[in-house]
Structure formats: C-alpha cells, structure tokens
Amino acid sequence: MLRIEDLATRPELRVPALQLGFVGGEFLGRGLTAGLASSRRIAPEFFLVLLDDGVPVARAAAIPVAFPTPERPELPDHGWDGALVWAAEDYLDRREPTTLVALEVYVAESARGQGIAAQALVELQNRARRAGLSRLVVPVRPTGKPPMESIVDYLGRGADPWLRSHERLGAEFRKIAPFAMTVTGTLAQWEQWTGIRLNDGHTVVPGGIAPVLASTEQDLGGYVEPNVWYEHPL
C-alpha cells in the first residue's frame, strides 16, 4: 500500500505532484479554469499525493461543491470547467458543500498498471464520507475517444478503458458533459502549444480527444472536448 498525503498537511508536495505530468496535451493547461484545479486555497485536503517510499507516483485532485441546489438542479454541461466555477463561487460565498467532484487522477507512467488510480478514487470516497459529503461525482475524460468521432457514437461502442475502470469501482453513468473543457488561443499560441500550424476548419492535435476549430481570418482556434459524468457510491 502506498502512503497518501494531502496538501493541507504537506503543502510542499504540490510542485513534485504537478511535475508528474498531465493527461493530454500541454494546451489543456491553458484553459481559463485550469489554475483553479491546483489552487492552494480551494480544498487542499482533497488534493492527494500518493507516495511510494517517499516519492510521489500519483496525484488525485477533487473539489467540494454545493450540489444539488435550486439553481443547480443538474450536473453542469460544462463538466470540468463548470465544476471549477461552482467551487470558486462557493468558496467566495462561503457556501456549505454537499458533493465532492473528482477532477483528475494521474499516475506516473512508471507506476501504471498497479491499481493506483483505483486506490486514489477509494481514498477520495473515504474522505468525502469523513467530510460529511453525500455524493462523489466525476467528469470522466474518455481518453480513448478518436477526436473526430462523436461522443454519443463512442459511448455506444463501450470501448473506453478509463470509463470502464470507473464502472468496475461501482460508478454509474449520469450524463454527457458536451463542452466539459474549453481552450481558446491565437494561431501562434496553438502552434506553440502543439507544434502544429492550424488552418481553417478542424485540425486534430496531439493529446486531443476533439479537434481544434480554427479561423485564420480571426486568428483564433477553439478546442471543446466532452466528458462523461459518473457518480461513485458513498
């Protein structure tokens, strides 16, 4: 069993945990809400770092939100981005959370295939219970999705390994988040992030599960990817 720490008690682990790497391309860290995911202020007790002999090998980040509420009857179509906006609103309004949203579980490449991601998710379940939260939901990124295939068609094939990993842990499908993560930038920025010069129309970029839609006239590229909301039992 690995040792599990969090940033509330071990803030110095934040940098080495983030240095493990990221899912997808560099551009995914350029969205407007990306910085909130690793914020020092929003729920450091739910930013977990898994250590093997004192060395970080995985991290798991989650945020508590108030859900459901009268103005939030459903999980957000904006998925990952929407959950981060909710968390920021609740933090500023000092609103009591009721649900934990797991944003990511990342395992170092050298430590994969050992069930570490499942261990991290179970620990998030345990912490949600101890915090008195009633739900654990996850905007799951379907990492195997071909960029040009629709999310509906892809889910119909039932082939995504990460979605099935959540299902094996007892998670249940709730809904599709059709625009879960959005990144925009100039054509020069996209070339810096991906090494690819965008032309008009759709372009597949490394690390993307959706294409970038670009306009040379407007000097703009936009990336919008879907996620899938799952709920883990508490």
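Summary of computed values
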item: Label point at Ser110 placed 7 Å out along Cα→Cβ; residues across the range 4-39 whose backbone nitrogen lies under 18 Å; result: 15-22
item: GNM flexibility winner over the chain from Leu32, Leu92, Leu48 (Cα, springs under 10 Å); result: Leu92
item: Mean accessible surface per residue for the range 51-179, computed with a 1.4 Å probe while every protein chain stays in place, in Å²; result: 48 Å²
item: Dipole magnitude of the range 39-79 about its Cα centre (Cβ charges: Lys, Arg +1; Asp, Glu -1), debye to nearest 20; result: 180 debye
item: Loop-located GluC sites (Glu not before Pro) in the range 30-94 whose Cβ has at most 11 other Cβ within 10 Å (DSSP); result: Glu71, Glu74
item: Carbon + sulfur, % of accessible area of the chain - ligands and nucleic acids excluded, 1.4 Å; result: 52 percent
item: Near-label residues of the range 50-71 by backbone N, under 17 Å of a point 7 Å along Cα→Cβ of Glu172; result: 68
item: Estimated FRET transfer efficiency when R0 is 30 angstrom, pair Val23-Glu96 (beta carbons, to 0.05); result: 0.45
item: For the range 229-234, 3J(HN,Hα) per residue [Karplus equation, 6.51 cos²θ - 1.76 cosθ + 1.60, θ = phi - 60°, Hz, x = Gly/Pro]; result: 6, 10, 10, 8, x, 10
item: Ordering of 113-119, 22-28, 138-144 by packing [mean C-beta count within 10 Å, highest first]; result: 138-144, 22-28, 113-119
item: Virtual paramagnetic centre 7 Å along Cα→Cβ of Ser165, amide N under 17 Å, in the range 109-133; result: 109-125
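The values are calculated or read from the model by the stated rules, or taken from the named source; none is laboratory data. Quantities reported herein were computed from a predicted structural model and do not represent experimental measurements. Positions of Cβ are generated from backbone atoms using ideal geometry, with glycine treated the same way; all protein chains shown enter the neighbour counts. The protein model used for the area step is the full one, side chains on, heavy atoms only, and it has no ligands, DNA or RNA in it. Shrake-Rupley method; radii C 1.70, N 1.55, O 1.52, S 1.80 Å.
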